[in-house]
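The structure under discussion appears below in the form of structure tokens.
Just so it is clear, none of the values below were taken in a lab; they were calculated from the coordinates. None of the values given here were measured: they were computed from a predicted structure. Quick reminder, even Gly has a Cβ in these numbers, built from the backbone with ideal geometry, and neighbours come from all protein chains shown.
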Amino acid sequence: MNLRRLAQVVLIILLPSLVLGQADFTTTADKPVLSRGQLVQVEYTILGAKKVEDFAPPSFRNFSVMQGPLQASGPMIINGNLIEYVSFAYILQPKTTGKLIIPGATAIIDGKKKQSQAISVEVISARSPGSTGPQGFRFNLPEERVEADRELVLYPNEKVADKVKKNLFVKVEVSKKECYVNEPVIATYKLYSRLRSDSRVVKRPSFNGFSVYNMTEPGSSISTVEKYNGRLYNVHVISKSQLFPLQTGEFVLDPAEIEAAVQFVKAESEMDSYLEQIDDPTAEVVEHTVTIASTPVEIDVKPLPASSQPAGFDGAVGDFSVTASLNNPVVKAGEAAKLTVEIRGKGNIPMINAPAVNWPGSVEPFDPTAKEDIHVETAPLNGVKTFEYAFTPKDTGNIIIPPVRFSYFDPATGSYKTDSTRAISLRILPGENKQRETKKDKAIAVLSPSAKNIWLWMGIGAVATLLVIALVVSAGRKKHGKFVATVQPQEPPAPAAVVRDPLAKAKHMLNNASSKIFVKEVESVVWMEAGEKLKIQPIALNQASVIAELNKRGASESTIQSFRQLMYDCESALYIPGQTSEDLQGILDRAEGFLSELDKLA
């Protein structure tokens, strides 16, 4: 596999632009030289872009497109920085030999049209007699080298399928087959090989029902030597991911499929020495293309214990601690202050919501904001999530912000735990408005009681005078037989209410935008409407809070199931690499039905 070389080339080319914070668009191939019968994987990669639209591949005139585009997207870590990538890959077979040009592709990247660079590959004729055959493996143990070299020779009584089954296979390893909801499972897909082959991934697994965090960079290939069933193999890591199950039940991890072009040296007789065959430059080399797949693995996801669940528990699973601090221990009344709450540890950090703060009555709080710093290469996810609560104290004096409590489930002990911060004291000084009011009150207090009464009687006299004048004018009009009626201007009729369709933009996008942009718009509208209609603060808006509020308002089970299915469809289309939804109209119909039910419950 040449994926490691491809990943290195991509990083070398793109790193300068990434350091400068610019998006880059690059063309790469997984091999610079190939025979006419071989396949080459060409990848158009965009790194560091905020928005990608209208990707257009070139015309591959000198190649036959065997497969593609294979689209993938997600985060990758370069020099400790988390950078978003989008890639479009094509599997090509050359039509002729020589130096062939692979043109660049075009796309609208962050509002500007860009084109990736053209590259070239060298296509040579198929191996002819006199060229060197496959070379043996170089395991450390001599006996392993001999046995591995023996597998490179195909004798007349041997079948390709049998040799491939024994020497080339895909295997998935999981850290556990039974876990709790939101407890991570590490899934590693590996290719084991004792053959010389040109391999590529033709189908990556889809992790339905899980939130996925990749632990390896896209396109990377980690190679090691491992012993399996008593034999040494060259092992390539296809993918390594942390999977956080979102609900209970039995889930199956789909297989990964690999297409491999395997080369053997063909022996004419059973008596031929395999060592002589490998070193014989005139020996015939035969190539067979096979497709292999891993065995599906089942994961049993258990519910979290309900009996001992503490009040305020909101789905955090792992091992955490919580701290809190003020940006300033002394503030003035009416001025903004900030409380910072940090949750550190390992577990499902991205899914943690802001813990509740029991604010004193003399404080006006605002919705908190959140940010996170996590390390996706560690298992479980390790890092910190920070919540900042802005608030305004209204009265002077000293107040106490009670301890902030954070409850989580520890899968290592199978029990709930609660950590809390210390109570924090805050001194509030008089603000500028308060000082001005105090001076005004002192000025009024200087007036004597008799002076206050004088002002009161003067006000009453003024009102009485105005009433007398009004009566005299009215009587004069009646005496002369003229009565002028005051006609009040009529208010213009209220315009007819316009029925707002929150999905209007999505409906326009259905046939005029890419599927991912359409699905993103639908998902955004559903979350916004759910938060508004169900009165859920943005920081606390997640599937659990929506379902809890729907149950509280008496929503039917079909409505809740419709919401779950809608979110699953959107997340699958948006966040699982290589996944696309073909039922876009179905997603739109389900969104309309759910929003209609929301209106009835609001």
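The modelled label-to-label distance between K165 and S308, using points 7 Å beyond Cα along the C-beta direction, is 4.9 nm.
With a Förster radius of 30 Å applied to the beta-carbon distance between E158 and V225, the computed FRET efficiency rounds to 0.75. For V202, the residues 5 or more places off, or on other chains, whose built amide H falls under 5 Å of its own are E257, I258, E259. Scaled to the globular estimate 2.2 N^0.38 Å, the Cα spread of the range 504-601, given as radius of gyration, is 1.05. Distances longer than 16 Å among the Cα atoms of the range 318-433: what percent of all pairs is that? Result for the distance tail: 61 percent. Here the spin labels are modelled as points 7 Å beyond Cα on the Cα-Cβ line, and at K203 and T97 they lie 3.6 nm apart.
Taking 0.692 mPa s as the viscosity and 37 °C as the temperature, the Stokes-Einstein diffusion coefficient of the range 180-241 based on its alpha-carbon Kirkwood radius rounds to 243 µm²/s. The calculated FRET efficiency for the pair T295 and S415, based on their C-beta separation and a Förster distance of 30 Å, comes to about 0.30. For the range 497-537 versus the range 325-375, the inter-centroid distance based on Cα atoms is 30 Å. Residue separation of Y568 and E287 scaled by 0.36 nm, minus their Cα-Cα distance, works out to 96.9 nm of gained length. FRET efficiency for the S325 to K535 pair, using the beta carbon distance and R₀ = 30 Å, is estimated at 0.50.
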